[in-house]
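Novice: Structure in structure tokens, see below.
The values are calculated or read from the model by the stated rules, or taken from the named source; none is laboratory data. Because the structure is predicted, anything quoted here is derived from the model rather than measured. Every residue, glycine as well, gets a Cβ built from its backbone with ideal geometry; the counts of neighbours run over all protein chains shown. Calculation scope for accessible area: heavy atoms of the full protein, side chains included, ligands and nucleic acids excluded. Shrake-Rupley method; radii C 1.70, N 1.55, O 1.52, S 1.80 Å.
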Amino acid sequence: MRPSARPSSARALASLRELRMQPMKPSAMSKRKVKDSSEENAVSISQVQKILRERFCRHCASGKLFGMKQQYRHLLELLKRTTVHGESNSALIIGPRGSGKTALLNHVLKDLREMKQVSENLLEVHLNGLLQTNDKVALKEITRQLQLENVVGDKVFGSFAENLAFLLEALKRGNRTSSCPILFVLDEFDLFVHHKNQTLLYNLFDISQSAQTPVTVIGLTCRQDILELLEKRVKSRFSHRQIYLMNSFDFKQYIKIFKKQLSLPAEFPDESFAQKWNNNVQHLSEDKTVQDVLQNLFQHTKDLRSLHLLLMLAGSAVTVHHPLLTAADLQEASRQRSTDSKANIVHGLSVLEICLIIAMKHLNEVYDGEPFNFQMVYNEFQKFIQRKAHSMYNFEKPVVMKAFEHLLQLELVKPLERPSVRAQREYLLMKLLLDSSQIMDALQVYPNCPTDVKQWAASSLSWL
């Protein structure tokens, strides 16, 4: 009996081995598949992040323009006349910050450069009022960008009059048919207006009115009253072409902009991932929570830069393990965007400094926002200490004064007048730069805040 049992046990062992071996093959294959799919996801997500970075972080012309077709056609036609037909022009692009002035100009220049007649036939000079703070600096920058340093030798670093005379002579020598057209772009145009005698503007507009070298001057500004700032002789040489940009879209169009800014293009390499991403963006645009976040932002500002900042913060949460955006990501991004820097400072204060801020808050409520001094704050703090002597340590006056001075350094408190040598520090009039809601919000998240302090802050009157 024993010899017959051995082969049967051997067969059983062999069958067990087979059973064990069989599931191993698909599991190994499935692991390989998971690894391959995660690698594909990683590549797709890195491409998504690159596309979103280019849209939100740069003034590139790869994005889309919203609600400015008419302005686009107007500016394109204007610059075409200069680059193709040799006409000189001047124009101002006027609109609030973030309305798309630079984006509009970049789009037009990108489309112009793609035309065969223009690609090698246009010189560009870009100036910025924040960088070129006077005409001499601006003139040096013009000669540098036009690559005239070698032509003039040391003259470029000579007097302003010599440089200007040379540049004007060089521009006036040309004619409409043979000369290369020059485009001058003056960003922060209103700052150039404050230069002495407006010499640079006068000469640029003067050349743009003449039939010599084709010159177009484009100014970008956010000031509506810019023409009133120009001198009479400068204004008379300006063409008075003005292109206005206003964010006039409603909330439905704002939602469409949100979708277009997040959607992946049709030429995205991984079609299945792009479809998933775009479907998810469509669902997000219909989500009530997301619409509330966007509505709050829309009511605060229609500036597309603010929307870009929100989407950039939300997009930074996208990883291989979290490949698609969620409503929670947008909520968190909205919270980060609207975080109050002063409330964050309050989180790092000591309990004594918190007590002084609460004392100031009560003084503001009692005296209806009238200024206060250190002595009044100290008296208010002493009243609180006397009521809660069992739970709060009574600090000496010099220590309290040191804490008050720290609040002054942090700019949470501001003196109403410059302190004089004779004036006593205790009696200088001060103003609190935090409102009640900021203080209460900061106290809610303040770590280990004593209950008595929270109750004191929440009480409507200082003696309660």
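Novice: Between Ser285 and Leu123, take the C-beta separation as r, use R0 = 35 Å, and let me know the FRET efficiency to the nearest 0.05.
Specialist: Result of the calculation: an efficiency of 0.20.
Novice: Next question. Just going by the charge dipole of the range 321-403, with Lys and Arg at +1 and Asp and Glu at -1 on Cβ, which of Leu363, Gln331, Asn379 is farthest out on the positive end?
Specialist: Result: Asn379.
Novice: Evaluate E = 1/(1 + (r/R0)^6) for Arg418 and Glu54, where r is the Cβ-Cβ distance and R0 equals 45 Å; express this FRET efficiency to the nearest 0.05.
Specialist: According to the calculation, E is roughly 0.40.
Novice: Just to verify a number: FRET efficiency for Lys140 and Gln209, C-beta to C-beta distance, R0 = 22 Å, to 0.05?
Specialist: So, using R0 = 22 Å, E works out to roughly 0.35.
Novice: How do Leu227, Leu65 rank by accessible surface area computed with a 1.4 Å probe, from largest to smallest?
Specialist: The ordering from most to least exposed comes out as Leu65, Leu227.
Novice: Right, another one. Give me the number: length gained by fully extending Lys431 to Val351, i.e. 0.36 nm times residue separation minus the C-alpha to C-alpha distance, one decimal in nm.
Specialist: Between Lys431 and Val351, full extension yields an extra 26.8 nm.
Novice: For the range 198-260, build the charge dipole from Cβ charges (+1 Lys, Arg; -1 Asp, Glu) around the Cα centre, then report which of Leu229, Leu204, Met246 sits farthest towards its positive end.
Specialist: The residue sitting farthest along the positive end of the dipole is Met246.
Novice: Still on this structure, please answer the following. Considering the zone a paramagnetic label at Met401 would reach in this model (a point 7 Å from Cα along the Cα-to-Cβ line), which residues of the range 358-390 have amide N under 12 Å from it?
Specialist: 374-375
Novice: Taking the C-alpha atoms of the range 290-343, how large are the radius of gyration and the largest Cα-Cα span, Dmax, in Å?
Specialist: 11.6, 35
Novice: With the other protein chains left in place, how much accessible area per residue, in square angstrom, belongs to the range 335-457 at a 1.4 angstrom probe?
Specialist: About 58 Å² of surface per residue is accessible.
Novice: Let me ask something else. Once you have the Cα-Cα distance between Thr319 and Asn296, take 0.36 nm times their residue separation minus that, and quote the gain in nm to one decimal.
Specialist: Result for the pair: 5.6 nm of gain on full extension.
Novice: Let me spell out the model: positive unit charges on the Cβ of Lys and Arg, negative unit charges on the Cβ of Asp and Glu, origin at the Cα centre of the range 357-458. What dipole size does that give, in debye rounded to 20?
Specialist: 300
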